[in-house]
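Note sheet for the following structure.
Where a number appears in this text, it was derived from the coordinates with a stated rule and is not lab data. Just so it is clear, the model here is predicted, and its values are computed rather than measured. Cβ: placed from backbone, ideal geometry, glycine included. Neighbour counts: every protein chain shown.
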């Protein structure tokens, strides 16, 4: 017999109900087999543990038992009737029979009723071969349906008349279809939306025979409801009622490739379901340790960009960026690039060229690109986009704790009693983590949000207490220091922890600093506009929670005092003892899939892989031996320095892999000038991005589905990326870098990315134990992974800080130079939306645009009224750096005096407005504060017009010669 | 449970446009009356129906936001109870019991005769907005079926004449 269902590996088995975490063991007998399980386990799950599959429809193991389908009934000795095995907990000595004549009869009766109101179109149904209803009909031995066709939900027409119970398919969501005719009202989708995703967008309307799944309220469709298209309901549906459009179009998959999502820093594990080289669907892995079987709209559905028509598949070159592109062979493109780089170095010196590594490519690819700069170019001119996002995290946490990374794994959120979220918008930027946090908030954990905007997390349904500190952009340090002031003044600090883990005298000095009246909530209220009372309540709540955790994002780092804010956060955690145990910690939410990895891999101009300084002779010796070339001990140029040097004429060549600096970096006009003055700009990307408008060589990249490698997520977890299809451009990205290096005489000889990882492990102590064998075996590991921690380190700083004693750094608030005044009275801050990602190069090329087709400027009703602006109007946003035009959305999500936008669309280019201010320690740009004026407008700004004309001109491709 | 962070006002751009300012004030007054109460959704819905004669769809997200619930959850509850109305009823509501005990005492025949006499089907309202006819499933009067209810008044051993007379007498 043929079976289209992919044979389940162990982890795909549905155990029916969630795991119980009790440490009390209970032994019972199921079908004559003794089985021991934790107390609180359901009989259904215990049976599954014993290898017995009890038929079921409404139960699945990622949500609480519901007991509605009545298919899982069993007989239990001494118990009356036939209890549902999903809702019956095990008891010591219980004797269970999962199949008796009576049970068989009941199940067949139940199944007969289900099938009497279900279309029998299995052969043409999209779920054919992957349908639990079909499987259960088989399992219970259903052979006939005795009921005459009567009132039903599935026949469009009855006796020539329209069936009033029939409802049309809801195809409003671009990625999945809801067909009510196939619904068995098991509520799995509703419960998945509530328990797994936490959006509560679905409900059952009506009752009895009228019960139906409804998205939102009566007049809503899936698209207009609160649905965020995470796909949890589609995954939960046992029939074809909710099913991916790609499955409807293609059919069932034939193999699974386990890989890692290439969007945000959560690093969700995914199963790529393939048919040939076509992706049928991406389904979050149940055994994924970061996402635990959940996903968001980007990873689950927005992968169509990988085969988008605009993807460039052939290398191209041109002499000058105003020429049209010429499509050439790989040899010619690589030769052209290598020759120009060498010529530039000969003419302008060894240090006149550099690289920018990508936070989206794999660790192995990033390692090779920085190695290219150090070993082949012979300088340390390597930097990465972490410069513009989380470099202050690296600096701040290294200074205070000793490691440039978050302290905890995502699982830790399940044990936190209070989450302090600063400058992050997890439900949009890091949605899967957002859902996990929301679940904990529903279980009773407290929430404090420090953010200029009212973020969605505050609207979590059924959450516990929450405080929102709506501070003015740029005053993070003041508010956090005031919280520390309250903790110090009221003696809420954890003296035992500080004495044991930090330097007590140093803390006393810090306490003295804190107690100065300039750090009091009243003093800070004036600068931050946060009521003193709220600061006090937040401080007491944070210090009072048994396990309090801090999660933060770019709203912390992308400021002139980004590094200071990170250290203020670390101080709060140390002084309250919230470090080293589950449920606590300081956790940066990383923006891109591999921004942690790109930092780990030595992308910075002053650090080798593993954060070791280039001036450290021992480390340099390791690499000189491994690479067989002498290395420079002089730190290279950071991205902003590269641009400055380019404008000054001393920096002339750049290899930029998988990053769109023109769109993502601040002060676009300045970046434009810098890029235009380069002699050789090599862009290595999937698409002709904005940066490539100034490029001389375009090397087409490969998507994450087309290569092997690893990504490291925000919790230091090294996840495998596996090749699901051959690269459409012909080469994996690491191979392209190898070709370029070898064309410049490097003589690199890598056959597979695993060899690159072996080199990384050999030369980097925190990666010493990492190998592809280990990753294949364990699924993933969190660094440090070495002799001391052979399986990695989920929670860091358990018994002591990596640097020894935790360090308290005094965090003086210094107001940014960027402040509002008469000319620019509003403060602009920027962020992300759920459905778009970063510069949008990927998500704009998917159906995600139905949710966010353009960037909007959020403005408070009072500011809007003063300026005569209504929602939907075009407005001009001007700063001292530049101006752009976009549409307004009037909302009280932002406070008066603050405006907000996203930066996903190049025709808006929010970064034309942002300035060149940056973090004092790391040069991370101050994206989050720009003084602006907003005024009504009726068209694109002059800059937008010019840029559009230039982009059109520079994207011309000459037809290939006949 | 604190439902709004810091402020009681709804921060979202909810589809309040369907409710005018006056209706919004009346709704907020109801919500304020039930603030802090445990399990307040059903009492709020009853008050809303008493105030508006129906549960306005646009009110559902606002009620949800005030209670820390999603609009869908509120809709699930509203749609579960047949007494919560999508459209306003007439000034008077006549209910005829259709449950098993009354059926065994001739409720179906009663219903057919009443419907014919009044010219109304189930859930219909007279054109002058005076009377609405609703089915009901058990009024708790099983011992003296068939049962009916005219406004607040219960009728046991109902006959078509009596019911039609009662319905006709209501102005």
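Given R₀ = 30 Å, FRET efficiency for residue A:19-residue A:581 by Cβ-Cβ distance, to 0.05? Write out the running numbers ahead of the final one.
On the way: r = 22 Å, r/R0 = 0.73.
Result of the calculation: an efficiency of 0.85.
Using the number of other C-beta atoms within 10 angstrom as an exposure proxy, rank A:590, A:436, A:45, A:105 with the fewest first.
Values: A:590 32, A:436 23, A:45 27, A:105 11.
By the 10 Å Cβ count, ascending: A:105, A:436, A:45, A:590.
Quick check on packing: order A:481-492, A:379-390, A:780-791 by the mean number of other C-beta atoms within 10 Å, highest mean leading.
Numbers: A:481-492: 21.5, A:379-390: 28.7, A:780-791: 18.6.
Packing proxy ranking, top to bottom: A:379-390, A:481-492, A:780-791.
Hey, for a label at residue A:787 modelled as a point 7 Å past Cα toward Cβ, could you say which residues of segment A:372-407 have their backbone N under 20 Å away?
none
So for chain A: antiparallel DSSP bridges make up what percent, rounded to the nearest 5? Walk me through the intermediate numbers first.
Details: 62 of 108 bridges.
Just about 55 percent of them are antiparallel.
Please report, for the Cα atoms of the protein assembly as shown, the Rg to one decimal and the Dmax as a whole number; what are they, in angstrom?
Just the Cα atoms of the protein assembly as shown yield Rg and Dmax of 32.3, 110 Å.
Averaged over peptide A:457-470, how many Cβ atoms belonging to another chain are found within 10 Å of each residue's Cβ? Walk me through the numbers on the way to the answer.
On the way: counts 1, 5, 9, 2, 9, 7, 5, 3, 4, 7, 3, 5, 2, 3.
The per-residue average across the peptide is 5.
How crowded by other chains is A:214-221, given as the mean number of beta carbons from other chains within 10 Å of each beta carbon? List each step's numbers first, then the result.
Working: counts 4, 2, 6, 15, 6, 5, 5, 0.
If you average over the peptide's residues, the count of other-chain Cβ atoms is 5.
Per residue of B:77-85, how many C-beta atoms from partner chains lie within 10 Å of its own C-beta, taken as a mean? Intermediate values should be presented prior to the final figure.
Details: counts 2, 4, 11, 8, 1, 3, 0, 0, 0.
Going residue by residue through B:77-85 and averaging, the value is 3.
Once both labels are modelled 7 Å past Cα along the beta-carbon direction, what's the residue A:77-residue A:504 spacing in nm?
6.3 nm
Based on the mean of other beta carbon atoms within 10 Å per residue, what is the order of A:792-798, A:627-633, A:52-58, most packed first?
Numbers: A:792-798: 20.1, A:627-633: 14.0, A:52-58: 21.9.
Listed from highest to lowest mean packing, they are A:52-58, A:792-798, A:627-633.
Against the longest principal axis of chain A, how steep is helix A:753-763, in degrees 0 to 90 to the nearest 10, with axes from Cα atoms?
For helix A:753-763, the angle is close to 60 degrees.
Given segment B:92-169, what percent of its DSSP beta bridges are antiparallel, to the nearest 5? Spell out each step's value before the answer.
On the way: 7 of 13 bridges.
Taking every DSSP beta bridge within segment B:92-169, about 55 percent pair in antiparallel fashion.
Per the Kirkwood formula on distinct C-alpha pairs, the Rh of segment A:391-588 is how many angstrom?
Details: mean 1/r = 0.0609 Å⁻¹.
When all Cα pairs of segment A:391-588 are included, the Kirkwood radius is 16.4 Å.
Going 7 Å from the Cα of residue A:955 along its beta-carbon direction, which residues of segment A:811-846 have the amide nitrogen within less than 12 Å of the resulting point?
A:841, A:845
If I model a spin label as a point 7 Å beyond the Cα along the Cα-Cβ vector, how far apart are those points for residue B:22 and residue A:676 in nm?
Spacing of the two 7 Å Cα→Cβ label points: 6.2 nm.
Would you kindly work out the equivalent ellipsoid of segment A:142-217 from its C-alpha gyration tensor and give its semi-axes, the square roots of five times the eigenvalues, largest first in whole Å? Mind dumping the intermediate values first?
Values: eigenvalues 135, 49, 28 Å².
Semi-axes, largest first: 26, 16, 12 Å.
Could you state the angle between the C-alpha long axis of helix B:21-33 and the longest principal axis of the C-alpha atoms of chain B, as a value from 0 to 90 degrees rounded to the nearest 10?
Between the helix axis and the principal axis of chain B, the angle is about 90 degrees.
What ranking, highest mean first, results for peptides A:908-914, A:856-862 when packing means the other Cβ atoms within 10 Å averaged over each residue?
Working: A:908-914: 25.6, A:856-862: 21.3.
Result, highest mean Cβ count within 10 Å first: A:908-914, A:856-862.
From Cα pairs below 8 angstrom and at least 6 apart in sequence, can you work out the relative contact order of segment B:16-80, rounded to a whole percent?
Working: 42 pairs, mean separation 18.8, N = 65.
The normalised contact order for segment B:16-80 reaches 29 percent.
Sorting A:63, A:601 on the 10 Å Cβ count, fewest up front, what's the list?
Details: A:63 20, A:601 32.
Ascending Cβ contact count within 10 Å gives the list A:63, A:601.
First measure r as the distance between the Cβ atoms of residue A:146 and residue A:91, then evaluate 1/(1 + (r/R0)^6) with R0 = 35 Å and state the FRET efficiency to the nearest 0.05.
Values: r = 37 Å, r/R0 = 1.07.
Working from the Cβ atoms, E equals 0.40.
Which angle between 0 and 90 degrees, to the nearest 10, do you get for helix A:431-442 versus the longest principal axis of chain A when only C-alpha atoms count?
Approximately 60 degrees, to the nearest ten.
For Cα pairs less than 8 Å apart in space and 6+ apart in sequence, what is the mean separation divided by the residue count of chain A, i.e. the relative contact order in percent?
Answer for chain A is 13 percent.
Specify whether the C-alpha gyration tensor of segment B:92-169 places it in the rounded, prolate or oblate class, a ≥ b ≥ c being the square roots of the eigenvalues: rounded for a/c under 1.5, otherwise prolate if a/b is larger than b/c and oblate if not.
On the way: a/c = 1.75, a/b = 1.62, b/c = 1.08.
Verdict is prolate for segment B:92-169.
Once you place label points 7 Å from the Cα toward the Cβ at residue A:156 and residue A:320, how far apart are they in nm?
Output for this residue pair reads 6.2 nm.
Can you sort B:54, A:675 by how many other beta carbons sit within 10 Å, fewest first? It would help to have the intermediate numbers written out before the result.
Values: B:54 16, A:675 25.
Going from least to most buried by this count: B:54, A:675.
Can you give the calculated 222 nm mean residue ellipticity of chain A, where each DSSP H run of n ≥ 4 adds -39,500 (n - 2.57) and the sum is split over every residue, rounded to the nearest 500 deg cm²/dmol?
Working: 29 runs with 266 residues, N = 962.
Value at 222 nm, helices only: -8000 deg cm²/dmol.
Using the Cα atoms as the points, what is the convex hull volume per residue of segment A:10-147 in Å³? The partial results should precede the final answer.
Working: hull volume 16.1 nm³, N = 138.
Output value, Cα hull per residue: 116 Å³.
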